[in-house]
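Chemist: Got a structure here, written out as structure tokens. Questions coming.
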Amino acid sequence: DVGLFLDVTHAPAFGMDQEGHGSHVCGIIGARPDAASGRYAGVAPGVELFSARVFTPTRSPNQADIADAIEHLVEEHEVDLVNLSLGWDVGPADVQTLTDAIRGARDRGALCVCAAGNTGAAVTHPANVP
């Protein structure tokens, strides 16, 4: 893991997944098959994974924290794909920082894939970024 991004501060030593969601998503992506146990492989079992923590047990991240994590992953680790397994309803004035980070990643050759439709309602930010 590359650490925690919280209040526009990067804390490399505090990236451990607190809720299990990030680890679960990483398993779906990169789990390697285990013939002895019969366990399934992930969709990309040979991939190199990086995780960046933006949630804490007591609060959700702000857009600047997520943007910082995206920029760190793309610039420092040269990732090709960023999974944003999150989303929420926000007003137009609240989306620019994260939108800029997603577009900046795209401009550097990285694709950001965002959760969409988890609630069965309208697609929320950041998945609704054009």
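Chemist: Which value does Rg/Rh take for the range 1-125 over its C-alpha atoms, Rh per Kirkwood?
Modeler: On the way: Rg = 15.2 Å, Rh = 15.5 Å.
Result for the range 1-125 is an Rg/Rh of 0.98.
Chemist: Shifting gears a bit: Would you mind working out the magnitude of the charge dipole of the chain relative to its Cα centre, with +1 at each Lys and Arg C-beta and -1 at each Asp and Glu C-beta, to the nearest 20 Debye? Kindly include the intermediate steps, with their values, before the conclusion.
Modeler: Working: 7 positive and 17 negative charges, 83 e Å.
Charge dipole of the chain: 400 debye, to the nearest 20.
Chemist: How large is the accessible surface per residue of the range 4-78, computed with a 1.4 Å probe and reported in Å² as a whole number? Write down the numbers at each step before the final one.
Modeler: Details: 4830 Å² over 75 residues.
Dividing the accessible area of the range 4-78 by its residue count gives 64 Å².
Chemist: A further question on this structure: Order Asp65, Asp7, Asp1, most accessible first, counting only protein heavy atoms with a 1.4 angstrom probe.
Modeler: Working: Asp65 0, Asp7 85, Asp1 115 Å².
Reading off the accessible areas and sorting them downward yields Asp1, Asp7, Asp65.
Chemist: Per-residue accessible area for Val2 at 1.4 Å probe radius, Å² rounded to 10?
Modeler: We get 10 Å² for Val2.
Chemist: At a probe size of 1.4 Å, how large is the accessible area of Glu76, to the nearest 10 Å²?
Modeler: Its heavy atoms expose roughly 120 Å² to the probe.
Chemist: Leaving ligands, DNA and RNA out of it, work out the accessible area of Ser60 with a 1.4 Å probe and give it in Å² to the nearest 10.
Modeler: Rounded to the nearest 10, the figure is 80 Å².
Chemist: For Leu6, Leu98, what's the largest-to-smallest order of accessible area, 1.4 Å probe? Write out the running numbers ahead of the final one.
Modeler: Numbers: Leu6 45, Leu98 0 Å².
Result of the area sort, largest leading: Leu6, Leu98.
Chemist: So for the chain, taking the charge dipole from beta-carbon charges (+1 Lys/Arg, -1 Asp/Glu), which of Ala121, Ser51, Phe5 sits furthest toward the positive end?
Modeler: The listed residue farthest towards the positive side: Ala121.
Chemist: 222 nm [θ] for the chain, helices only, -39500 (n - 2.57) per DSSP H run of 4+, per residue, to 500? Intermediate results must be reported in sequence, preceding the final value.
Modeler: On the way: 3 runs with 37 residues, N = 130.
About -9000 deg cm²/dmol.
The values are calculated or read from the model by the stated rules, or taken from the named source; none is laboratory data. Note that the coordinates shown come from a computational prediction; the quantities given were computed from them, not determined experimentally. Every residue, glycine as well, gets a Cβ built from its backbone with ideal geometry; the counts of neighbours run over all protein chains shown. Ligands, DNA and RNA are excluded from the accessible area calculation, which covers all protein heavy atoms including side chains. Shrake-Rupley method; radii C 1.70, N 1.55, O 1.52, S 1.80 Å.
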